[in-house]
Each structure stands twice: as structure tokens, then as C-alpha cells.
């Protein structure tokens, strides 16, 4: 029982990172139907920004987190402007290849400029372990969980309550109709990339704090896992992405806990395929009927 | 009509033989050193892999991201069999075994997942390929994450050259047969195709299985040429590298796939000397080509001697 609770705690902290990343995937996919392969690398940029600013200016965690979110938001908007906007009306597979190109560019550009070696993330928050009912939980795990939940609530408020959020939902449903009622789709798409990238940047700083090591290729695997989480939750659905992220995190730690850690990636993909076969549009995805 | 077909086929045969002799001559005179030969073989293997993928993506319209998984099956079949039977017969047998296992795997993967469409199918096939890779990573016979070493080299460039010709002939003929028209009809409109009596599941699966079989051949050649294989050689990034060849050449154009495989192979060799900067330049080139030429280098253009001969005839008549 204790180990199970312990694994749930670990799974939730890992899952909240996946969830933050999955939100960016799902928002971008929902609005322009693009699998943004470069999203995992924006998360890497966030981690590197946190590393840089903490080492250079000795700022505290909150400043590092917020500045990383701002920097990655601009990075995301820049990527959208330079690489994806010219391809708005081309085949989707072309945009996908461009996204892969951007991903290669960020990974190898960072390797080229700053070296490909792994480095230690500065520990701005001193680690404490609390023990309650035999379960170990560190303040960093709590911090990750709380930060992730605050950000998700904020995101939900932005999407549901603000004018921009309404515009985002409108563009996601029908871009042309939204343009007809006076919404500029370019602004909205740019804002969506900014929002999603900011969440990825936050996830980058949090993972740096949690795992204590960062490198230019760190975004690849979590990026793909987070995309799987978004698909499992129902791509395009914001609560679905959050649920999918926690689910994948719990599944991974669970499989690891029963001694099958070599198969943890396979387990994630088996669940993905099973869910897609049973529920082709994910857990919370809208089932679009095929029209003749 | 038959005469013209014969003429066109004869010309293609001539191109193949001349190509073979030309490379042979260049190897003999030393213009093609081992470095360039390595590039040629890599291009050849990539052509085998990418034409199969183009059949799946370009002709049947099914977005598969799991090609490296089937390649891994072929590579490991060859690697394991050649370590016990290191003969030419063993090599040929291992290719056949690889193809058979890949076909079985493709049916197991394809039957449930080909009901999905678009990006969902891409993610499901990617997941399937990753499952294949993780299983190989944890098996005794495949030597786990360390992989297999010292696989005897039977895949010299003439072998690769001949197999490039054979797989291309099979795939192009499939694409131009009744089956090929059926899968293209499904790509363009699945419901309309179904209405005129084309069974979508059957033909989609046929294209997927044929693509997987050629991927296994490519994997076998890769294993026997490189002589070292590890599960990490067949990850998502390798599937994506093949996808890039297909899209860069033009989805649905076999000529484009040839061109893109050659362009990327040469680019890769030329950029070797740039070190870390190589992948940065590669990435920028990729983005620039996609932004300015979204349909790929050739779009859906297909070079064909039959068309050239036809045009000639018309001009003569006029």
C-alpha cells in the first residue's frame, strides 16, 4: 500500500510535466492541425534559459520560471512566424516535415552553440523530504505539482473567460467563420503558440529542478510521450491533455514499480494503440462524424 | 501499343544495365573510392526503404511513421541468421525470413490500426514500431541494447543495386496495376471508392504489407552492409528520416523519391566535414525547401519513357 501510494506521488509529479507539455501540443493541434514536433525542443529551451539565468544572475525559482515562460513564449511565436505561417495553406505533411526541421535546428543549434554535454541544473530550491504515513515526498515534487496545477487553472481561465480565449476557441472550430466576425486568425494562432510554449518553458525549468540534469536532446523523448498523452486524452481537448499527461506519468512509474522498467515505453504505446482502437478520438476528444 | 510498351521497358532495362556498367567502370578506375561507394550503397538502401514508404503514404494515402520498425525486423533476421549460417544461401534465406516476419508483423499492426486515419494512424504506427524496438531491445537472441556485431558482409554494392532495381520494378508495377488504381482511388476518396466496389481495408493492408516487406529488404541490406546493428538504429528518428526523403521528393512520385534520396545522400556526405554544424545546415535546408517548395522537389511528377515516346509520336504525326 505504501509503495503504491509512493508510486502514485512519483507518477503525479512526472505526469504533471507531461501534462504541461501535452497542453501545448493539444492547443496547437486543435487550432491548426499541426503536430508541432518542435514543442519538445521549446521545453529544452526553457530548461536552458533557467540554467543560464540562475547561474548568471542567481535569481530565485519564481523569477527563473516566469522569465523562462516569457522567453519560450517569444521563441514559440517566432518559430510559428518564420516556419509555420508561410505553410498555412500547404499540405499538412509538409508542415509536419517543417516542424521536424525546426526541431533538428533547435537541437543541433543548441549543441553547436553551447556543446552537447549534459550539465547540472542549479538547485535553487533546497530539497527537503517530508515523510507522512510512511510516504516520502520532497518539496520539489510538491512544487512541481502545485505549479503545474496553478498553470493549468490559469490556462483554463484564459481559454474560457477572456476575449482572446473565446477567439481561440472560435478559430479552432472554424477559421474562416472566425475571420468573418472580425477575429484575426494570425494573431490568435500566434497567441496560441505563445501560450503553449510558455507552458513548455515552465515544464523545462521544473524538470531541470526535478532531474537535476539538462542537455540539448532532452526534449525528444518527453516531447513524443507528451504528444502521446495529448492523443490519449483526445487531441484538441485541454482537460483531455491534462488527464492524458497524468495518466501516462502514472503508467510509466507504475510499470517501473512492478519491475518492468525496460518495457515502460512499450507499455505507453500499447495503451495508446488500445485507446485509439476503442476510442478513435481519445478519452475526451470530440467524435467527428464523417459526412458524405 | 504493345510495341511501345516493349520499347519503354527496353529503355528502362538499358538504363539499369548502363547504370550498373557505369558504376562498375568508375569503381574499377578508382573514381569511386570506398567513401563514395559507401555513399552509393546508403543511397541505394534508402531508395529501397523510401519507395516502400512512398507506396504507403503517397499512393495509398496512409500516413505511416513506423517504417523503421519493419526495417529492424529485416535487419535482425539477417543479423541473427548470418551469425549461424554465414553463407550466401544464408543471406538470401535471411532476407526471405525477414520479409515473411515483416509481413506477419504488418498484418498484426495493420488490421487494427489502418481503421484510423491521418495523424492518428501516424501515431499508432509510430507506437507499433517503438514496441517492436523495445521488444528487440529486451530479447536474448538479439543481444539486447548492445546489438549484433561482426555480421558477415554479403550486401556489396552490386547486390544493393540489383535489389534497388527489383524492388522498384515490383513497387512501380504494383502502383500501376489494378491494385495500384484501387489504392489511389481510396486515397482520393475512400467513400467513393467503396461505393464502386473497392474494398478499402483489403487494399490499404496490401499496400502497407508490400511497403513493410520492402522495408525488411532494406533492413537486411543495412545489417549486412554496416555489419553492426543495435535497436537504437531503428528509432522514431529513423522513420522520420525516411519520411523526409518521401516528402522532399514529392509525395506520390517515385522519381522524386529517387531524386531526394540521392540529393540527401550527397548532401550528407558533403556536409560530413562540417562536424556539428552539419545537422544545423541540414535542418535549415529542410525548412527552406519545405517553405519555398511545399509539394516537394517533383510534386507528383513521374518520369516515364512511355510518355516521352508518346509525345514523340504525336510530334511526328503533327
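The values are calculated or read from the model by the stated rules, or taken from the named source; none is laboratory data. Computed from a prediction, not measured in an experiment: that's the story for all the values here. No Cβ is skipped: glycine too gets one built from the backbone with ideal geometry, and neighbour counts run over all protein chains shown.
Any residue that is loosely packed, with under 15 Cβ neighbours inside 10 Å and either more than 14 Å from chain B (Cβ to nearest Cβ) or within 17 Å of the chain's Cα centre (by Cα) (or both) - is there at least one of those in region A:105-118?
Let us first name the residues in region A:105-118 that are loosely packed, with under 15 Cβ neighbours inside 10 Å, namely A:113-118.
From what is left, the residues that are either more than 14 Å from chain B (Cβ to nearest Cβ) or within 17 Å of the chain's Cα centre (by Cα) (or both) are A:118.
For region A:105-118, residues loosely packed, with under 15 Cβ neighbours inside 10 Å and either more than 14 Å from chain B (Cβ to nearest Cβ) or within 17 Å of the chain's Cα centre (by Cα) (or both): present.
Only one of B:81, B:103, B:136 is in a helix (DSSP H, G or I) and under 21 Å from the mean Cα position of the chain (by Cα); which?
Values: B:81 fails: under 21 Å from the mean Cα position of the chain (by Cα); B:136 fails: under 21 Å from the mean Cα position of the chain (by Cα).
Matching residue, one of B:81, B:103, B:136: B:103.
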Residue match in region A:51-66 (condition: crowded, with 16+ Cβ neighbours inside 10 Å and not in a helix (DSSP H, G or I)): yes
Some residue of region B:292-311 being within 14 Å of chain A (Cβ to nearest Cβ) and closer than 30 Å to residue B:137 by Cβ: no
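Here's a check for you: in region B:78-106, which residue that is closer than 19 Å to residue B:207 by Cα, more than 14 Å from chain A (Cβ to nearest Cβ) and in contact with a helix residue (DSSP H, G or I) (Cβ under 8 Å, 6 or more places away or on another chain) is surrounded by the fewest Cβ atoms within 10 Å (Cβ to Cβ)?
Going through the qualifying residues, I end up with B:101.
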Sole exception among (1) more than 22 Å from residue B:111 (Cβ to Cβ); (2) surrounded by fewer than 17 Cβ atoms within 10 Å (Cβ to Cβ) for residue B:165, by number: (2)
Test: residue in region B:198-209 that is within 19 Å of residue B:163 (Cβ to Cβ) and either assigned by TED's automatic domain parsing to the domain that holds residue B:151 or modelled with pLDDT under 90 (or both): yes
Within region B:114-133, tally of residues that are assigned to a helix (DSSP H, G or I) and facing chain A (nearest Cβ under 7 Å): 8
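Kindly provide the set of residues from region A:211-221 that are more than 12 Å from chain B (Cβ to nearest Cβ) and buried (at least 24 other Cβ atoms within 10 Å of the Cβ), ordered by number. Please lay out each step first, then the result.
Of region A:211-221, the ones more than 12 Å from chain B (Cβ to nearest Cβ) are A:211-215, A:218-219.
A:219 - this is the single residue of region A:211-221 that is more than 12 Å from chain B (Cβ to nearest Cβ) and buried (at least 24 other Cβ atoms within 10 Å of the Cβ).
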Subset of region A:60-81 [away from chain B (no Cβ under 14 Å), free of Cβ contacts under 8 Å to residues at least 40 places away in the same chain and farther than 14 Å from residue A:200 by Cα]: A:62, A:63
Positions within region B:142-161 being touching a helix residue (DSSP H, G or I) at 6+ places or on another chain (Cβ under 8 Å), part of a loop (DSSP other than H, G, I, E, B) and closer than 20 Å to residue B:235 by Cβ, in sequence order: B:142, B:147, B:151
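The rows are residues; the columns are (1) within 14 Å of chain B (Cβ to nearest Cβ); (2) more than 24 Å from residue A:153 (Cβ to Cβ); (3) assigned to a loop (DSSP other than H, G, I, E, B).
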{"site": "A:186", "(1), (2), (3)": "no, yes, no"}
{"site": "A:197", "(1), (2), (3)": "no, no, no"}
{"site": "A:227", "(1), (2), (3)": "yes, no, no"}
{"site": "A:245", "(1), (2), (3)": "no, no, no"}
{"site": "A:259", "(1), (2), (3)": "yes, yes, yes"}
Which listed residue, of B:170, B:109, is surrounded by fewer than 20 Cβ atoms within 10 Å (Cβ to Cβ), in a helix (DSSP H, G or I) and in contact with a helix residue (DSSP H, G or I) (Cβ under 9 Å, 6 or more places away or on another chain): B:170
Set B:221, B:242, B:259: member being within 14 Å of another protein chain (Cβ to nearest Cβ), in contact with a helix residue (DSSP H, G or I) (Cβ under 7 Å, 6 or more places away or on another chain) and either without any contact (Cβ under 8 Å) to a residue 40 or more places away in the chain or surrounded by 24 or more Cβ atoms within 10 Å (Cβ to Cβ) (or both): B:242
Number of the exception - residue A:130 against (1) part of a helix (DSSP H, G or I); (2) surrounded by fewer than 16 Cβ atoms within 10 Å (Cβ to Cβ): (1)
Some residue of region B:263-273 being within 9 Å of chain A (Cβ to nearest Cβ) and without any contact (Cβ under 8 Å) to a residue 24 or more places away in the chain: no
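Which one of A:260, A:209, A:247, A:279 is within 25 Å of residue A:140 (Cα to Cα) and at pLDDT below 90?
Values: A:260 fails: within 25 Å of residue A:140 (Cα to Cα); A:247 fails: at pLDDT below 90; A:279 fails: within 25 Å of residue A:140 (Cα to Cα).
One residue alone meets the criteria, A:209.
I'd like the residue in region A:133-154 that is in a helix (DSSP H, G or I) and farther than 14 Å from residue A:62 by Cα and, out of all such residues, is nearest to the chain's Cα centre (by Cα). Can you show your working first?
Let us first name the residues in region A:133-154 that are in a helix (DSSP H, G or I), namely A:139-154.
Those left that are additionally farther than 14 Å from residue A:62 by Cα: A:139, A:141-142, A:145, A:149, A:152-154.
Values: A:139: 22, A:141: 17, A:142: 19, A:145: 14, A:149: 13, A:152: 11, A:153: 15, A:154: 15 Å.
It comes out as A:152.
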Checking residue B:278 against (1) within 22 Å of residue B:35 (Cβ to Cβ); (2) more than 10 Å from chain A (Cβ to nearest Cβ); (3) buried (at least 16 other Cβ atoms within 10 Å of the Cβ), the condition it does not meet: (2)
Condition met for residue B:57 (part of a helix (DSSP H, G or I), touching a residue at least 12 places away in the same chain (Cβ under 8 Å) and not assigned by TED's automatic domain parsing to the domain that holds residue B:259): no
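Which of the residues belonging to region A:82-104 are within 7 Å of chain B (Cβ to nearest Cβ) and outside any helix (DSSP H, G or I)?
Looking only at region A:82-104, we keep the residues that are within 7 Å of chain B (Cβ to nearest Cβ), and these are A:83, A:86-87, A:90-91, A:93-94, A:97-98, A:100-102, A:104.
Result: A:90, A:91.
Name the single residue that is nearest to residue B:49 (Cα to Cα) among those in region B:173-198 being part of a loop (DSSP other than H, G, I, E, B) and touching a helix residue (DSSP H, G or I) at 6+ places or on another chain (Cβ under 8 Å). It would help to see each step written out before you state the result.
Keep residues of region B:173-198 that are part of a loop (DSSP other than H, G, I, E, B), which gives B:177, B:189, B:196-198.
Now narrow it down to the ones that are touching a helix residue (DSSP H, G or I) at 6+ places or on another chain (Cβ under 8 Å): B:196, B:198.
Numbers: B:196: 32, B:198: 27 Å.
The residue in question is B:198.
Hey, can you tell me all the residues within region A:271-280 that are part of a loop (DSSP other than H, G, I, E, B) and within 8 Å of another protein chain (Cβ to nearest Cβ)?
Listed by number, the list holds a single entry, A:280.
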